[in-house]
1. Select from region 225-238 the residues that are surrounded by 23 or more Cβ atoms within 10 Å (Cβ to Cβ) and farther than 16 Å from S275 by Cα and write down the one among them that is nearest to the chain's Cα centre (by Cα).
2. Kindly evaluate M282 against the criterion of being within 30 Å of A53 (Cα to Cα) and among the hydrophobic types (A, V, I, L, M, F, W, C).
3. Do any helices (runs of 4 or more DSSP H) lying entirely in region 133-241 carry at least 2 residues that are of a type in the set (G, A, S), and which ones are they?
4. How many residues are over 18 Å from L187 (Cα atoms) and either in contact with a His (Cβ under 6 Å, 6 or more places away or on another chain) or in a helix (DSSP H, G or I) (or both) if we restrict to region 243-292?
5. Can you find even one residue in region 346-362 that is farther than 30 Å from V191 by Cα, among the β-branched types (V, I, T) and free of Cβ contacts under 8 Å to residues at least 40 places away in the same chain?
6. Can we say R382 is in contact with a Phe, Trp or Tyr (Cβ under 8 Å, 6 or more places away or on another chain) and closer than 21 Å to E259 by Cβ?
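The values are calculated or read from the model by the stated rules, or taken from the named source; none is laboratory data. Everything numeric here is computed off the predicted structure, so don't read it as measured data. With ideal geometry, Cβ positions are generated from the backbone for all residues, glycine too; neighbour counts draw on all protein chains shown.
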Amino acid sequence: MNQRPVIPQEEFLSRQRQVQALLKERQLDLFIAYADDRVVFGPAHARWLFNYAPHFEPCCIFIPVEGEAVLLTGPESEHYVYATSYCRNVKVVSEFAHPDEEYPYAEVTSMERVMQQFRKQLDREIRSVGIAGMESLPHKLYKAFCSMFGEEAMTEIEHDVTKLRAVKSENEIRVIEYAYTIAEQGLQAAVRSIAEGRSERDVAAEAEYAMRRCGSEGMGIDTIVASGVHNTHPILARTSLRTIRRGDIVLLTLAPRYEGYHGALGMPIVMGTPSKEVESAMAAAIEAQQAAQEALRPGTAGCAVDRAARQAIERAGLQNHFVYSGIHSIGVIEFEPPILTSVYDDIIQENMVFSIDIPLFFASWGGMRLERGFHVTKDGARPLQTIMPEMIRL
């Protein structure tokens, strides 16, 4: 078997330099990013900058406009960071230590003392700070930053940082492509395991086992196996103990994470003969996804891709069931910017990677999602999976 793709260390160092270039451009002295182990958005900044996935204890990344980056975390994570990431400058800070614990093995400092070192390194006060992940900051940590810098000195730069991630490198594309290979293996395993009398969790277990065997390190979102009208009606579903029955739609949504990156596939499976409404909805979803794929090319405004999908759904009279903007980038977050809405007028660039997700929910028959991944090449959108959009009937 060929060696599985990875992101080399040099690329992570290059990303840190990109952040420093952004600081210079924005005339900022310091970059701060918060990261934790919340499954969807939590690890993104730490994973992108250091290949570090926080677990149990959160962390903050400090990158000065000049000099070496540092990762601040709790006492139990210091050696975990060194063992699992490319970060070689870790500080254990009291802000991330549990107040009721004792850590005799750790040298615990504070964020303020780390900041003193940065002031000395830069030979000046830190007057302006760019923060990514602000919406996830715990209130206590935000107040600590206000105390250190003053609220007026802090600027949210999440949008700027996600723009740095929007165009993927060759290494990233190879990793994401393999994540889709994993997702496809999981989808095929799930389809093989679907049968009357089996529970949704039985099917999810087979899918996740297959994906783990292929190298998945976990899921970017919980695996969704939803069956029947009640469980497929809402946008989100919890995989339950419900047993699959004849006549059900079984909605599969898989998003394995591999080397920090994601693949995402969504497909409805019909147990038996679909109703005319379900058959028409699936035909419209296929047409919408194909229209979006054709529009997804360099030089096109993002809103034009969204419009192509929506027009196909409108022609089928299903616009009230198209309940969110489903065309989005995919990377260290399963659902990350840019998100191609009806008002997103930035231009698509070569080597962006998108999930085209056509959602049809809140219908009398339940709901469905048709989701596949595409790499934007100079010639158009290249599918990242071999599975074709079709109505699968069992």
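1. V225
2. Working: within 30 Å of A53 (Cα to Cα): no; among the hydrophobic types (A, V, I, L, M, F, W, C): yes.
Spelling it out, it is not the case that M282 is within 30 Å of A53 (Cα to Cα) and among the hydrophobic types (A, V, I, L, M, F, W, C).
3. Details: elements: 139-149, 158-166, 170-193, 200-213, 228-232.
Filter on region 133-241 gives 139-149, 170-193, 200-213.
4. As a first pass, look at region 243-292 and keep what is over 18 Å from L187 (Cα atoms): 243, 245-247, 259-260, 272-281, 283-285, 287-292.
Still in the running and either in contact with a His (Cβ under 6 Å, 6 or more places away or on another chain) or in a helix (DSSP H, G or I) (or both): 276-281, 283-285, 287-292.
Number satisfying all stated conditions: 15.
5. The answer is no, given that none of the residues of region 346-362 is farther than 30 Å from V191 by Cα, among the β-branched types (V, I, T) and free of Cβ contacts under 8 Å to residues at least 40 places away in the same chain.
6. Numbers: in contact with a Phe, Trp or Tyr (Cβ under 8 Å, 6 or more places away or on another chain): yes; closer than 21 Å to E259 by Cβ: yes.
Criteria met by R382.
Matching residues to (1) under 25 Å from R15 (Cβ atoms); (2) surrounded by 12 or more Cβ atoms within 10 Å (Cβ to Cβ); (3) modelled with pLDDT of 95 or more; (4) out of contact with any Leu (no Cβ under 8 Å at 6 or more places or on another chain):
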residue: T109; (1), (2), (3), (4): no, yes, no, yes
residue: V114; (1), (2), (3), (4): yes, yes, no, no
residue: A144; (1), (2), (3), (4): no, yes, no, yes
residue: S147; (1), (2), (3), (4): no, no, no, yes
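Listed here are the residues, each with its yes/no results for (1) among the acidic types (D, E); (2) within 16 Å of V129 (Cα to Cα).
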{"site": "E11", "(1), (2)": "yes, no"}
{"site": "I32", "(1), (2)": "no, yes"}
{"site": "F41", "(1), (2)": "no, no"}
{"site": "A46", "(1), (2)": "no, no"}
{"site": "Y52", "(1), (2)": "no, no"}
{"site": "C59", "(1), (2)": "no, no"}
